[in-house]
Amino acid sequence: MNNKKKNKQSVEDFSTEFEEKVLFINRCAKVLKGGRKFSFSALILVGDNEGHIGYGFAKANELADSIRKGAESAKRDILTVKMKNSTIPHEIVVRWDGAVLLLKPAPEGTGIIAGSKVRAILELAGIKDIVAKSLGCNNPINLVHATFKALRELRSKEDCLQMRGVA
């Protein structure tokens, strides 16, 4: 538990300007005696295009409130992405619930080849060249969780050598 607390960073820890992006909004209706009562959930991304990204999911009775709460949640937990030049250091396959996600490094100039939700995350993270394939479900929340799990599990060559005690 302490290890997770140490790895968490907030927007205030960085000097760069963060951009917010609404990734997904869901409207839910509850039928009552007087009519329908709507509530909203929002999935929000926050990133600086320089390797720092976070996401937040929040629910509220008003759309604006759910977006605000999601943005605050995203800004509290920022992930620093390990990159090798303009791509990721190695290939990775990740499972989250029904979502299976494959991320592969790509040569310079390839661009981001990915589906809509994964593409938005990788763009805000600042990754320029990557190939991604969703092999499981297309649920946006599960895709976001899977993408962030993959980005957390990336290791650079130096990290691997240090864990082995070589460097």
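Read-outs: derived from the displayed coordinates by stated rules, not from any lab. In this text, all values refer to a predicted model and were calculated from it rather than measured experimentally. Methodologically, a virtual Cβ is constructed for each residue, glycine included, from the backbone with ideal geometry; neighbour enumeration extends over all protein chains shown.
Against the set [x] 18.9, 66; [y] 17.6, 69; [z] 18.8, 73, the structure's computed Rg and Dmax of the Cα atoms in Å falls on [y].
Using a cutoff of 8 angstrom between alpha carbon atoms and counting only pairs six or more residues apart, the relative contact order for the stretch 1-155 works out to 20 percent. Computed from Cα positions, the angle between helix 116-125 and the longest principal axis of the chain comes to roughly 60 degrees.
Overall, the chain carries a charge dipole of about 880 debye about its Cα centre when +1 sits on the Cβ of Lys and Arg and -1 on the Cβ of Asp and Glu, all other atoms neutral. Across the cross-link table entries Lys30/Lys75; Lys84/Lys149; Lys33/Lys59, which are compared at the Cα atoms, the separations over 27 Å belong to Lys30/Lys75. Remark: the stretch 77-82, residue by residue, has Karplus-estimated 3J(HN,Hα) of 10, 9, 9, 9, 8, 7 Hz, where x stands for each Gly or Pro and the curve is 6.51 cos²θ - 1.76 cosθ + 1.60 at θ = phi - 60°.
State, as an integer percentage, the relative contact order of the stretch 24-77 based on alpha-carbon contacts under 8 Å between residues 6 or more apart. Reported as a whole number, the value is 31 percent. Placing unit charges on the Cβ atoms of the charged side chains and taking the dipole of the chain about its Cα centre, the candidate lying farthest along the positive direction among Gly115, Ala60, Thr16 is Ala60.
Under a cut-off of 15 Å between alpha-carbon atoms, report the aspartates and glutamates in cross-link reach of Lys69, not counting same-chain residues fewer than 8 places apart. Output for Lys69: Glu20, Asp77.
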